[in-house]
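Colleague: I'd like to ask you about the structure that follows.
The values are calculated or read from the model by the stated rules, or taken from the named source; none is laboratory data. As the structure is a prediction and not an experimental result, all values here were calculated from the model. No Cβ is skipped: glycine too gets one built from the backbone with ideal geometry, and neighbour counts run over all protein chains shown. Please note that ligands, DNA and RNA were not included when accessible areas were found on the heavy atoms of the full protein model with its side chains. Shrake-Rupley method; radii C 1.70, N 1.55, O 1.52, S 1.80 Å.
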Amino acid sequence: MVESPIWRPDERAGLRLRSLYHRHGYLPYRMSKFEPYDLYVRNKNFLVSEKILTFTDTDGRLMALKPDVTLSIVKNAQPPAGALEKVYYSEYVYRTSPASVGYREIMQTGLECIGSLDLAATGEVLALAAESLAQLGGGEYLLDLGHMGLVSSLLEGLAGDTAASLLAELGRKNTGAIRQLCAQSGVAHSLADRLCRLAQLYGLPAQVLPELEGLAQGAQGRAALEELEGLCAVLEQLGLLEGLRLDFSIVNDMRYYNGIIFRGYLPGLASGVLAGGRYDNLLHRMGKAGGAVGFAVYLDQLERLEDGGAYDVDVLLLYGPGDSPAAVAGRAGGLLAQGKSVRTEREAPQGLRWRELIRFGEGE
């Protein structure tokens, strides 16, 4: 695969990731830039940002510039009975960002696996998430893995508001608030202790899995623990266990997510660059059977990691009014033949960033 040096970081990364997913048998998914607004408004809590950019179509329908790809894929998914539908995508989404004002066009690449899921299929998706991060980070990354089934087993039977509040504090690792909420809601001390312990757990699977033996509660909790053990075995077999950490502060809306949930991080970036999980509940809300798991990579963040992104051109070649145009062209051609990018100018343009400055003096 040949990558052009003029491609942006997100374009180069997107090409590598699409090639990775294609090699594993995932098929490309294409969608329109916009969808009917009601698809998103019915599932606002599933979206990263609830703010949606809308417009009225010529037929009077309220449309939305897509803030998410997964909802469209699920809406159109038709996996054969007992089989899987595996797709990957590279699409622009339109959403607000906490770091900027207004809406942004963000390149997002990812994959979805929908249908008759088993441990092998789920393990493949998690492994592809790890491999995606390894490619983007030059082998250095962290993939944090949690499980909503384990969390749900502890919150089962609690009032909806209490469960939602405890889930939010679990996500913040706020053990003080967890204990206070439990005391106010009459939750047993033993359950408060379990939730606080779960919030504090973080580390390599070999360290964390034994701790979970005493926290997994009921059939749902034990099933979640068994799945985590199986997934860790899959990643160990593939040599991907070193970058994996178990973290149960990774939580999301239980109306949509019901199984594993994960976040991916690269050195040099404060926020996660990958997010995914199992969302059978979304599938069922949309009237479809089976399971669904997938992830998205937010490629817009990668420009901060690119060393080459600090420069617009390798060489700025400055020439004077007395210099021979043919000689300047010859000097620029020699630099280009060395594989360098070259910009010729009489004066340095304001704001241009270069690695090397060469002044073509008179008579040279």
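Colleague: With +1 on each Lys and Arg Cβ and -1 on each Asp and Glu Cβ, how big is the dipole of the chain about its Cα centre, in debye rounded to the nearest 20? Walk me through the numbers on the way to the answer.
Modeller: Details: 36 positive and 44 negative charges, 127 e Å.
Dipole of the chain, to the nearest 20 debye: 600 debye.
Colleague: In degrees, nearest 10, range 0 to 90: what is the angle between the Cα axis of helix 119-136 and the longest Cα principal axis of the chain?
Modeller: Taking the Cα atoms of the chain, the angle to 119-136 is about 30 degrees.
Colleague: If you don't mind, there's one more thing I want to ask. Find out how many positive minus negative residues lie around residue 179, taking Lys and Arg as positive, Asp and Glu as negative, among other residues whose Cβ is under 14 Å from that of residue 179. Numbers along the way, then the final one.
Modeller: Numbers: positive: 172, 173, 194, 197; negative: 169, 193.
Within the 14 Å Cβ shell, the charges total +2.
Colleague: Something else about it: So for each of 228-238, 268-278 I average, over its residues, the number of other beta carbons within 10 Å; can you give me the resulting order with the highest mean first?
Modeller: Numbers: 228-238: 16.7, 268-278: 18.6.
By packing density, highest mean first, the sequence is 268-278, 228-238.
Colleague: Over region 238-299, what is the mean sequence separation of C-alpha contacts under 8 Å (at least six apart), divided by residue count, expressed as relative contact order in percent? Before the final figure, lay out each step's value.
Modeller: Values: 80 pairs, mean separation 16.0, N = 62.
Here the relative contact order equals 26 percent.
Colleague: Another question, then. For region 219-364, max minus min Cα coordinate along each principal axis, in Å, sorted largest first?
Modeller: The principal-axis extents, from largest down, are 84, 35, 25 Å.
Colleague: For the chain, what does the relative contact order come out to in percent, with C-alpha contacts under 8 Å and a separation of six or more?
Modeller: Working: 607 pairs, mean separation 62.1, N = 364.
Computed over the chain, the figure is 17 percent.
Colleague: Right, something else. Excluding residue 200 itself, what net charge comes from residues whose Cβ is under 13 Å from its Cβ, given Lys and Arg +1 and Asp and Glu -1?
Modeller: On the way: positive: 172, 173, 179, 194, 197; negative: 169, 193, 211, 247.
Computed value for this residue: +1.
Colleague: What translational diffusion coefficient, to the nearest whole µm²/s, does the chain have by Stokes-Einstein, given a Kirkwood radius computed over alpha-carbon pairs, a temperature of 20 °C and 1.002 mPa s viscosity? Before the final figure, lay out the partial values.
Modeller: Values: Rh = 23.2 Å.
It diffuses with D of about 92 µm²/s by this estimate.
Colleague: Now for a different question. Run the numbers on region 32-174 and let me know its relative contact order in percent, using alpha-carbon pairs under 8 Å that are six or more apart.
Modeller: So the answer I get is 16 percent.
Colleague: Over the heavy atoms of residue 226, what accessible area does a 1.4 Å probe trace out, to the nearest 10 Å²?
Modeller: Residue 226 has an accessible surface of roughly 120 Å² with all protein chains in place.
Colleague: Rounded to whole Å and sorted largest first, list the principal axis extents of the Cα atoms in region 49-172.
Modeller: Over region 49-172, Cα extents along the principal axes are 48, 39, 37 Å.
Colleague: While we're here: Tell me, how many Å apart are the Cα centres for region 193-233 and for region 266-297?
Modeller: About 20 Å separates the Cα centre of region 193-233 from the one of region 266-297.
Colleague: How many lysine pairs in the chain, separated by 8 or more positions in sequence or lying on different chains, have Cα atoms less than 14 Å apart? All intermediate terms of the calculation are to be shown ahead of the outcome.
Modeller: Details: 33/66; 44/66; 51/66; 66/75; 75/288.
Count of close lysine pairs: 5.
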